[in-house]
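One structure is given below, encoded as structure tokens.
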Amino acid sequence: MCSDTCFLKPDIVCPGIPINWPDDLHTFFMSFPWARYHDGPDRLPFTVDITVPRLPRARSKLCSHLTIREDYPCEECGEVYAHVYHLIDIARNPKAHTNYHYLGLAHMRDILVKKHADQVNQLKLQACNDSCKYMYTLTQLDDYNRLVMAISENDIPRIHQVINIALRNGASIREIVNKLEDALEGVYQPRGYGASDLDIATLVFRL
Ligand SMILES: [Zn+2]
Ligand SMILES: [Zn+2]
């Protein structure tokens, strides 16, 4: 109770300022640049009070803790509004070159997710390339095997000519071997290769 001599208002404690983080951004926790919450060179000039998580508050690091009007911040805390707006601006329009220090967790997460996705795609592409090469090599080996088999298992007249003509016609190993096999089937079924002047080379490239 005041005595008669107590004419001064009692000191009012500075309440700091509310941080009105906009709804169109990620939550305050996810988009506030916590990386700058320190005392280093790019430090924020205020501290944050998240006692009520829905209603975060800020207090200037220079807060006098006393103020003249109830519910009004001290002069130093009053200047924090501009800093918060500035941070909201950065959070809303992060530039490609914005240092991650100035971004919130949501942005860092997005960057990491994107990097990860890029790496996964890179690896997938690499794996695909590798398996395509592998498949191609296998197919080629298979073609060569078939050619060797066709030649070794069958007495093909003028084999040199057959292959020469084929190569001159720009045929691939597979084409050669396909035609050889077709020809051999046709040739050997009816009468064996008794038909002496049968020219497989001609036969092959008529097919
Ligand atoms: Zn203050
Ligand atoms: Zn600022």
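Every read-out reported here was derived from the displayed coordinates using simple, explicitly stated rules and does not represent laboratory data. As the structure is a prediction and not an experimental result, all values here were calculated from the model. Neighbour counts are summed over all protein chains in view; Cβ atoms, including those assigned to glycine, are modelled from backbone coordinates with ideal geometry.
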Completion exercise
Computed ³J(HN,Hα) along segment 74-81: with the Karplus parameters 6.51/-1.76/1.60, θ = phi - 60°, integer Hz and x for glycine or proline, the list is 5, 4, 4, 5, x, 6, 6, 3
Completion exercise
Note: D11 to N121 extended length (0.36 nm per residue) minus current alpha-carbon separation gives 33.3 nm
Practice task
Let me have the relative contact order for segment 1-115, percent, based on Cα pairs under 8 Å that are six or more residues apart.
Solution key: 35 percent
Handout entry: Of V48, A91, P73, farthest towards positive along the dipole that unit charges on Lys, Arg, Asp, Glu beta carbons give segment 12-102
Key = A91
Practice task
Report, by chain and number, residues whose modeled amide H sits under 5 Å from the one on A58, excluding near sequence neighbours (fewer than 5 apart, same chain).
Solution key: I17, I19, D49
Completion exercise
Phi-derived 3J(HN,Hα) across segment 41-52 with the Karplus relation (6.51, -1.76, 1.60, θ = phi - 60°), rounded Hz, x for Gly and Pro, is x, 9, 5, 7, x, 9, 9, 10, 10, 10, 4, 9
Practice task
Enumerate the amide H contacts of F46 below 5 Å, restricted to partners 5 or more residues apart or on another chain; note that Pro and chain-start residues carry no placed amide H.
Solution key: K61
